[in-house]
Amino acid sequence: MPYINVQITKGASRDQKRTIVKEMTETLVKTLNKSPEHIHIVLQEIEQEDWGYSGMLTDEWKKNSSSS
């Protein structure tokens, strides 16, 4: 039973999440010949202040990169 854990920063729409689950499922069905009902995908949304990128918290990095 394949299990995928996807961690993203908060802000994705329900439609975007639906697309992620659909496309990852389709890939595992096609690539591993698995049945969709045996595939589990968990989406975890992380606050931007709880995610680091390029040596900074993501929310701070975004503020700095938009002011450039």
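Laboratory data are not the source of any read-out in this text; all were calculated from the coordinates shown. Here the structure is a predicted model, which means the values were calculated and not measured. Glycine also receives a Cβ, built like all others from the backbone with ideal geometry; neighbour counts cover every protein chain displayed.
Quick notes
- Applying a DSSP loop filter and a limit of 15 other Cβ atoms within 10 Å to the trypsin sites (Lys or Arg not before Pro) in the range 1-64 leaves K10, K34.
- Both radii were evaluated on the Cα set of the range 3-66; the Rg over Rh quotient, with Rh as the Kirkwood radius, amounts to 1.12.
- Crossing angle, helix 14-32 versus the chain [Cα axis fit, 0-90 degrees, rounded to tens]: 50 degrees
- Among S13, S35, S54: highest mean-square fluctuation, GNM of the chain, C-alpha pairs under 10 Å: S54
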